[in-house]
Amino acid sequence: MPNQANKFTMNRRQAIMAMAAAAGCALAPGFNSLAAETWEPSHDEDAFLDDLERQACLFFWEQASPVTGQVLDRARNDLGGARDPRRMASIAATGFGLSALCIADRRGYLPHDQVVERVKTTLDWHLNKFPQVHGFFYHFSDIESGARWRDVELSSIDTSLLLCGVLTAREYFDDKTIQSLAQQIYERVDWPWMLNGGKTFSMGWKPESGFLKSRWEHFCELMMIYLLAIGSPTHPVPPDTWNNFTRPVIHYKGFSFIGGDDPIFTHQYSQAWFDFRDKRDAYANYFQNSVTATRAHKAFCLAHPEWFNEDYWGVSASDYQGGYTAWGGPPAQGPLDGTVVPCAAAGSLPFLPADCLHVLRAMRSKWGKQAWGRYGFVDAFHPAANWYDTDVLGIDQGISVLMAENLRSGLVWNTFMRNPESVTAMQRAGFHGKGLQK
């Protein structure tokens with residue numbers, strides 16, 4: 001078997017950067033605003049979601065270090081509870097994991113006292129022992145030592161994903177130690193430094209070469225970076241920074257929505273924590289925008305009947321037979337070959353509940369023996385090629401479990417939005433609507 005740690009070290013943003021150069025069209029306020037349908041779960045649907053969440057939460061418990069709290073970037077789905085011997089941890093996966101531990105505690109999947117201790121350990125490590133520069137963390141690290149993994153960048157987006165988990169834990173747990181540690185981690189981040197004198201955030205920094213040339217300058221998962229920075233109580237950026245990234249409009253088969261030349265996960269990540277329902281700024285209702293983007297993505301998949309159908313669709317950045325890639329559509333991106341990626345639908349569960357639940361349940365029913373393991377779905381699979389990934393990825397398990405819980409109870413949204421900085425940031429950025437009254 002090839003060395004998986006070497007085979008899949010390309011990160012999600014590196015894969016997308018190669019396709020994302022053409023994202024600069026003018027802002028446009030008009031696009032379809034199709035609402036997600038009212039969803040009432042059946043007993044079987046709720047049971048499926050409970051299985052998905054329980055098993056994903058198990059990943060974040062078993063594939064994390066009890067010493068550092070860091071979560072592996074990926075792990076095999078057939079280990080029977082043992083930790084994968086690979087050592088590359090992901091700060092983004094750790095951020096999803098902190099939120100998943102809140103879900104596991106609320107649902108009773110894991111013992112409360114053990115969850116609290118793991119959260120304390122994680123926060124203490126990241127505040128006091130984990131290498132950081134201006135409050136930002138390296139994208140990947142050694143799971144036990146915290147040492148920078150090879151030459152990876154200090155990452156603005158992955159630090160933001162970690163911070164979303166940190167702030168979720170701060171509001172969820174009624175524990176003064178957790179709250180203090182979390183607050184210090186957030187307040188340490190020097191957001192203006194990551195602007196590097198520009199109007200948009202750099203994607204990262206390396207000690208050998210300085211700031212990356214690529215910037216967060218067109219709509220994608222970037223909303224969390226800007227809102228966390230605008231809401232910072234210690235090192236904020238000006239509120240009008242929110243206006244500095246472009247919002248291109250995609251048109252596909254009668255659907256129009258703000259988006260870039262990026263996979264569907266870019267419509268999901270910020271919305272796992274920030275609650276955009278019943279709110280809008282000068283440009284959009286971003287929740288409805290993601291509803292439309294999900295509808296368009298399904299239509300794009302079904303426009304390829306040689307690969308996809310109602311019981312088999314959804315593609316997002318993921319593993320495939322050739323390694324790791326950023327792919328999907330519309331427009332078509334990457335080496336599409338008929339591989340399906342379960343987190344594409346799972347991450348859109350609140351946007352299109354009936355459709356996403358249907359395809360996820362159908363895929364488990366038909367291919368569960370090959371495609372479903374200890375932690376739920378494998379990252380990707382291609383039955384026609386008799387290929388089933390052996391791994392799960394922390395970020396893909398993370399978006400799946402958070403959005404499943406948001407659909408069921410709104411727990412992550414409601415908890416995260418109790419952070420006063422979250423509300424302040426949206427107000428400063430010009431949002432108005434439910435929960436944002438001054």
For the stretch 314-348, give me the residue count where each residue is assigned to a loop (DSSP other than H, G, I, E, B), more than 18 Å from the chain's Cα centre (by Cα) and buried (at least 22 other Cβ atoms within 10 Å of the Cβ). 1
Tell me, please, whether a residue that is buried (at least 22 other Cβ atoms within 10 Å of the Cβ), under 16 Å from Glu144 (Cβ atoms) and free of Cβ contacts under 8 Å to residues at least 60 places away in the same chain can be found in the stretch 102-110. no
Tally up the residues in the stretch 366-398 that are on the phi > 0 side of the Ramachandran plot and over 23 Å from the mean Cα position of the chain (by Cα), please. 1
Residues (within 19 Å of Ser155 (Cα to Cα) and aliphatic (A, V, I, L, M)) located in the stretch 220-249: Leu222, Met223, Met224, Ile225, Leu227, Leu228, Ala229, Ile230, Val237
Within 21 Å of Cys164 (Cα to Cα), surrounded by fewer than 22 Cβ atoms within 10 Å (Cβ to Cβ) and in contact with a strand residue (DSSP E or B) (Cβ under 6 Å, 6 or more places away or on another chain): is that true of Arg215 in this structure? yes
Any residue in the stretch 145-161 that is in a helix (DSSP H, G or I), over 19 Å from Ala100 (Cβ atoms) and not β-branched (Val, Ile, Thr)? yes
Condition check for Gly259: closer than 26 Å to Ile230 by Cα, crowded, with 24+ Cβ neighbours inside 10 Å, under 20 Å from the mean Cα position of the chain (by Cα) and of a type outside the set (A, V, I, L, M, F, W, C): yes
I'm told Phe308 meets every condition in (1) surrounded by fewer than 21 Cβ atoms within 10 Å (Cβ to Cβ); (2) under 22 Å from the mean Cα position of the chain (by Cα) except one. Can you identify the failing condition by its number? (2)
Top-ranked residue in the stretch 174-225 [being in a loop (DSSP other than H, G, I, E, B) and among the acidic types (Asp, Glu); ranked as farthest from Asp151 (Cα to Cα)]: Asp174
Taking the criterion of being of a type in the set (A, V, I, L, M), in a helix (DSSP H, G or I) and modelled with pLDDT of 95 or more, would at least one residue in the stretch 66-86 satisfy it? no
Of the candidates Ala56, Ala47, the one satisfying the condition of being free of Cβ contacts under 8 Å to residues at least 24 places away in the same chain and outside any loop (DSSP other than H, G, I, E, B) is Ala47
If only one of Asp391, Asp396, Asp355 is out of contact with any Leu (no Cβ under 7 Å at 6 or more places or on another chain) and farther than 27 Å from Thr292 by Cβ, which one is it? Asp391
What about Gly95, is it under 18 Å from Ser155 (Cβ atoms) and in contact (Cβ under 8 Å) with a residue 60 or more places away in the chain? yes
Of (1) in a loop (DSSP other than H, G, I, E, B); (2) buried (at least 24 other Cβ atoms within 10 Å of the Cβ); (3) in contact with a Phe, Trp or Tyr (Cβ under 6 Å, 6 or more places away or on another chain), Val237 satisfies all except one. Which? (2)
Starting from residues that are charged (D, E, K, R) and closer than 22 Å to Thr234 by Cβ, keep the ones in the stretch 129-174 and report whichever is surrounded by the most Cβ atoms within 10 Å (Cβ to Cβ). Asp158
Might you let me know whether the stretch 180-202 holds any residue that is among the basic types (Lys, Arg), surrounded by fewer than 17 Cβ atoms within 10 Å (Cβ to Cβ) and over 27 Å from Val291 (Cα atoms)? yes
Output for Cβ contacts, cut-off 8 Å, separation at least six or different chains, first residue without any contact (Cβ under 8 Å) to a residue 40 or more places away in the chain and over 10 Å from Gly260 (Cβ atoms) in the stretch 207-228, second part of a loop (DSSP other than H, G, I, E, B) and of a type in the set (A, V, I, L, M, F, W, C), reads Arg215/Met203
So is Gly30 in contact with a Lys or Arg (Cβ under 8 Å, 6 or more places away or on another chain), surrounded by fewer than 22 Cβ atoms within 10 Å (Cβ to Cβ), part of a loop (DSSP other than H, G, I, E, B) and modelled with pLDDT under 95 or not? no
Residues in the stretch 256-263: is at least one within 24 Å of Leu349 (Cβ to Cβ) and in a helix (DSSP H, G or I)? no
Which ones in the stretch 278-333 are polar (S, T, N, Q) and in contact (Cβ under 8 Å) with a residue 24 or more places away in the chain? Asn285, Gln288, Asn289, Ser290, Thr292, Thr294, Ser316, Ser318, Gln321, Thr325, Gln333
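The values are calculated or read from the model by the stated rules, or taken from the named source; none is laboratory data. Keep in mind that what you see is a predicted model, and the values were worked out from it rather than measured. We place every Cβ from the backbone using ideal geometry, glycine too, and count neighbours over all the protein chains shown.
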